[in-house]
1. Mind sorting 119, 112, 188 by how few other Cβ atoms lie within 10 Å of their own Cβ, fewest first?
2. Can you sort 159, 18, 38 by how many other beta carbons sit within 10 Å, fewest first?
3. Determine the percent antiparallel among the DSSP beta bridges restricted to the chain, to the nearest 5.
4. Starting from the Cα of residue 41, step 7 Å along the direction of its Cβ; do the same at residue 143; then give the gap between the two resulting points in nm.
5. What number, in percent, do you get for the relative contact order of the chain if the mean sequence gap of Cα pairs under 8 Å and at least 6 apart is divided by its residue count?
6. Report the residue, chosen from 69, 48, 156, that carries the largest GNM mean-square fluctuation when the chain is represented by alpha-carbon nodes joined by springs under 10 Å.
7. Measure nothing but the geometry: give the 0 to 90° angle between the long axis through the Cα atoms of 27-38 and the longest principal axis through the Cα atoms of the chain, rounded to 10°.
8. Report, in deg cm²/dmol and to the nearest 500, the calculated mean residue ellipticity at 222 nm for the chain, where each DSSP H run with n ≥ 4 adds -39500 (n - 2.57) and the sum is divided by the residue count.
């Protein structure tokens, strides 16, 4: 049985388990936020270009909401289950409401042990290097033991373009998502590592440092 879900079309991809800050300013989405906060505190993030039947999105669960004096709000959402839009519902709201069906990866699509190990290693390298850029070395949540959730944890870190992120979200094979990430990540890790090295040099005016910030690699 399809579920009812308010839709927030936006050219941003939210992955399961990912935390995402959002700024709510349009009147129709202020109303949506108010309705969600009074209800089950969730809505659906889906592509702005195609929010109709057949589009794919991710349930956004509201973790924190900061109302501002002028009616706008800053919120933080966490990615829940993925969904497909079955139909748009004719409801008396200024925002879209859809009948949706949630889904996960297909059974029997787990990556091989070596692929899972490669994904974990590359994810660790990327997260540690990004943390150095943000001056927060050592921070980060525990890695998921479930291969599907792990693949989305790593995908959320990857600075890839919107179309790639959409494909990673829509795919229903953990193995294929893992292989796509393993192909993408080495170049991303190399690029971020270079930026981190420049960042460290800039902090110490090119004079070296104590060695507490070591770029992994």
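1. Values: 119 25, 112 11, 188 19.
By the 10 Å Cβ count, ascending, the order reads 112, 188, 119.
2. Numbers: 159 11, 18 17, 38 8.
Ascending Cβ contact count within 10 Å gives the list 38, 159, 18.
3. Numbers: 31 of 34 bridges.
Among the beta bridges of the chain, antiparallel pairing accounts for roughly 90 percent.
4. It works out to 3.0 nm between the two label points.
5. On the way: 373 pairs, mean separation 46.3, N = 217.
Once normalised by length, the contact order is 21 percent.
6. 69
7. That helix lies at roughly 90 degrees to the long axis.
8. On the way: 5 runs with 83 residues, N = 217.
Theoretical 222 nm ellipticity from helices: -13000 deg cm²/dmol.
Each value in this text was obtained by applying a stated rule to the coordinates, not by laboratory testing. Please read all numbers here as calculations on a predicted model, not as lab measurements. Note that we place each Cβ from the backbone using ideal geometry, even for glycine, and neighbour counts take in every protein chain shown.
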